[in-house]
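Derivation of every value follows stated rules applied to the coordinates shown; laboratory data play no part. From a predicted model like this one, the values you see are computed outputs, not experimental measurements. Here the Cβ positions follow ideal geometry from the backbone for every residue, glycine too, while neighbour counts run over all protein chains shown.
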Amino acid sequence: MPYKSPDAILPLTPVSFEILLALAGQNLHGYAILQAVEARLQGLLPLRTGTLYRSLARLLENDLIDEVPGADSTDERRRCYRITPHGRRVAAQEAARLEGQVTAARARRLLPARKSRP
């Protein structure tokens, strides 16, 4: 399937972006993705298995992730996923888009100014 341009895919849903964030660090199976998202967000974005697998299907369809054959040696029924180079580019563009929103929120005093590092 030909890649969709990032402009056709963006903005990502919060769930899709969180999945890409989880997979940016390592290849994971579905339950491990669920755990990674929950650990990072601590309940701010409740993620159910049905939502996770629908999002994985959309990410696969858009070539943002792909399956890693035989990656989980503990259980061959588990499907493991990895972010594709295209998915990494789209996730980076989404992160830049979100950074722009945060910058605008700081400029309008909706968020505190960023503290400078020593």
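Expressed as a whole percent, the proportion of Cα-Cα pairs in the chain lying more than 24 Å apart is 33%. Around the Cα centre of the stretch 6-107, unit charges on the Cβ atoms of Lys, Arg, Asp and Glu (plus for the first two, minus for the last two) sum to a dipole of about 200 debye.
Only helices enter the 222 nm calculation for the chain: every DSSP H run of n ≥ 4 contributes -39,500 (n - 2.57), and dividing by all residues gives -17000 deg cm²/dmol, rounded to 500.
Residues whose amide H comes within less than 5 Å of that of His29, counting only those at least five positions distant or on another chain, are Tyr81 (H built at 1.01 Å from N in the peptide plane). For the options Leu45, Leu59, Leu28, a Gaussian network treatment of the chain with springs between C-alpha atoms closer than 10 Å singles out Leu45 as fluctuating the most. Ordering of 34-41, 20-27 by packing is 20-27, 34-41, highest average first (other Cβ atoms within 10 Å, averaged per residue).
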